[in-house]
Amino acid sequence: MKPRVFSGVQPSGSLHIGNYLGALKNWVTIQDDYECIYCIVDLHAITVYQDPAELRAGIERLAALFLAVGIDPAKSSIMVQSSVSGHAELAWMLTCVTPVGWLERMTQYKDKAARQKTVGDGLLQYPVLMAADILLYQAQIVPVGEDQVQHLELTRDIAQRFNSLYGETFVVPETKLPTVGARIMGLDDPETKMSKSATGAYHAIYLLDPPEMIRKKIMRAKTDTQPAVDFDHLGPGVANLLTIFQAFTEWPDEKVRRHFAGKRYGETKKEVAEAVIAGLEPIQQRYRKISADRAYVADVLDRCAARIRPIAEETVQLVKKRMGLYTRA
Ligand code: TRP
């Protein structure tokens, strides 16, 4: 049997090239070697207030984008978290074995809580729901960014604690995939990772940005005080642009070096912009076609949910039995 991979993406905000080059592109390549479940985590999104109409639209947009980048629903499952009730059910059962101190220590909780007037209970429970997502499918591998590593550790702790209290029940998941994606930094701040939640208008390139916008953003990207590319003194901004170029073109290191050595930043940026535009064009074209067919997207989500629901139900039944909850004998 192929090892099972599970990962989740929030439907709030838009996907950017950091998400694509760092994760999604890799998700597409591994589809034949792993049994992959890619989840649109709408229940996580509502841990902070979301405008309902925007959330609803964001879910469909993300599903269409998953398809547009090449996730093939015949091989992988693209699903919406709230459409499989086991996520919420298992989250409750896991909540009951999770010490509140573990949750209060989560750095993402502390950051997010500091920004809210009223901290919803859901924000504290967030990582328990994430543990439920993963353990529900007994996933072995969970590809996530660095910002989620602490949540993954917690998932392992919760699984181990449950297993020791109630007997072997859950697969304890690993974090990593054998291949890693590119690490893309913010265009306006090449010291920090490109982020969905950053507010600067010139921080990220979104997958659906039109060519003009992409050119504008890249031309404004932060470089350094040198005039041209010098591989012996490569500042973080220029290094980031070249990483982006290389990720889209898949040129080998040697070719990139030969091509860009001594090239002025203005010219370099133009070439990077054109590589990004060319790389995103087929995705954008597919997106336009797919998103115009809402019934198709809905069918994909339905079919995928139906395919994986039995796995979820089996786990919920097992957990109920282990804990002594009522199941028909
Ligand atoms: N918390 C993750 C993020 O914000 C999203 C997520 C929810 C997730 N459930 C998951 C990721 C399960 C991996 C596995 O990026």
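Each value in this text was obtained by applying a stated rule to the coordinates, not by laboratory testing. Every value quoted in this text rests on a predicted model; they were computed, and no experiment measured them. Methodologically, a virtual Cβ is constructed for each residue, glycine included, from the backbone with ideal geometry; neighbour enumeration extends over all protein chains shown.
Given contacts defined as C-alpha pairs under 8 Å and at least six residues apart, what's the relative contact order of the range 86-163, whole-number percent? This gives 43 percent for the range 86-163. Computed 3J(HN,Hα) for the range 49-63, one whole-Hz value per residue from the Karplus formula 6.51 cos²θ - 1.76 cosθ + 1.60 where θ = phi - 60°, is 4, 10, 5, x, 5, 5, 4, 4, 5, x, 5, 5, 5, 5, 4, glycine and proline marked x. As a proxy for reagent exposure, ranking MET1, MET93, MET323 by other Cβ atoms within 10 Å from fewest up yields MET1, MET323, MET93.
Between HIS259 and LYS193, the C-beta separation translates, for a Förster distance of 30 Å, into a calculated FRET efficiency of about 0.70.
Where is the GNM fluctuation largest for the chain (alpha-carbon springs, 10 angstrom cutoff): ALA312, ALA247, ALA74? Answer for the Gaussian network model of the chain: ALA74.
Ranking GLY279, PHE248, MET323 by how far each Cα lies toward the positive end of the dipole of the range 225-329 (charges on Cβ) leaves MET323 at the top. Sorted fewest first by neighbouring Cβ atoms within 10 angstrom, TRP27, TRP102, TRP92 come out as TRP92, TRP102, TRP27.
Hey, in the GNM for the chain with a 10 angstrom Cα cutoff, which one of GLN50, GLN125, GLN138 fluctuates hardest? Between GLN50, GLN125, GLN138, it is GLN50 that shows the largest mean-square fluctuation.
Once you divide the Cα radius of gyration of the range 26-102 by 2.2 N^0.38 Å, the number left is 1.31. If you plug the beta carbon distance of ASP232 and ARG286 into 1/(1 + (r/R0)^6) with R0 = 30 Å, you get a FRET efficiency near 0.15. Since only GLY167, LEU136, ALA204 are under comparison, the one whose Cα sits farthest along the positive direction of the charge dipole of the range 134-219, derived from C-beta charges on Lys, Arg, Asp and Glu, is ALA204. Positive contributions from Lys and Arg (+1) and negative ones from Asp and Glu (-1), summed over other residues with Cβ under 14 Å from the Cβ of ALA182, come out at 0. Extension gain for the segment ALA306 to MET213, taken as residue separation times 0.36 nm less the Cα-Cα distance, is 29.5 nm to one decimal. Summarising the amide proton neighbourhood of VAL80: residues at separation of 5 or more, or on other chains, whose placed amide H is nearer than 5 Å comprise ILE40. For the pair CYS96 and ALA114, the difference between a 0.36 nm per residue extended length and the Cα-Cα distance amounts to 4.0 nm. In the range 289-329 the Cα-Cα distances spread across 10 Å bins starting at 0 as 26, 29, 21, 16, 8 percent of all pairs.
Go ahead and collect, in residue order, the members of the range 129-148 whose backbone nitrogen is under 17 Å from a label point 7 Å along the Cα-Cβ direction of MET323. Of the residues in the range 129-148, 129-138 have backbone N under 17 Å from the label point off MET323. Largest GNM mean-square fluctuation across ASP209, ASP189, ASP224, computed for the chain with C-alpha springs under 10 Å, falls on ASP224.
Restricting the chymotrypsin sites (Phe, Trp or Tyr not before Pro) of the range 227-329 to loop positions (DSSP other than H, G, I, E, B) with no more than 14 neighbouring Cβ atoms within 10 Å leaves PHE231, TYR326.
Placing +1 on the Cβ of every Lys and Arg and -1 on the Cβ of every Asp and Glu, with no other charges, gives the chain a dipole of roughly 260 debye about its Cα centre. Neighbour counts of other Cβ atoms within 10 Å put LYS217, LYS263 in the fewest-to-most order LYS263, LYS217. The stretch between ALA57 and MET1 holds 16.6 nm of extra length on full extension. This uses 0.36 nm per residue minus the Cα-Cα distance. Measuring nothing but alpha carbons in the chain and taking Rh as the Kirkwood radius, the Rg to Rh ratio lands at 1.00.
What the Cβ-Cβ distance of ILE46 and ALA239 gives, at R0 = 35 Å and to the nearest 0.05, is a FRET efficiency of 0.40. Each principal axis of the range 87-128 carries a Cα extent, and these read 28, 18, 12 Å when sorted largest first. Close amide-amide hydrogen proximity is noted between VAL119 and no other residue 5 or more places distant or on a separate chain, at a cut-off under 5 Å (H modeled in the peptide plane; Pro and chain starts excluded). Please give the Cα centre distance for the range 1-71 versus the range 304-329, rounded to the nearest Å. Going from one Cα centre to the other spans 25 Å.
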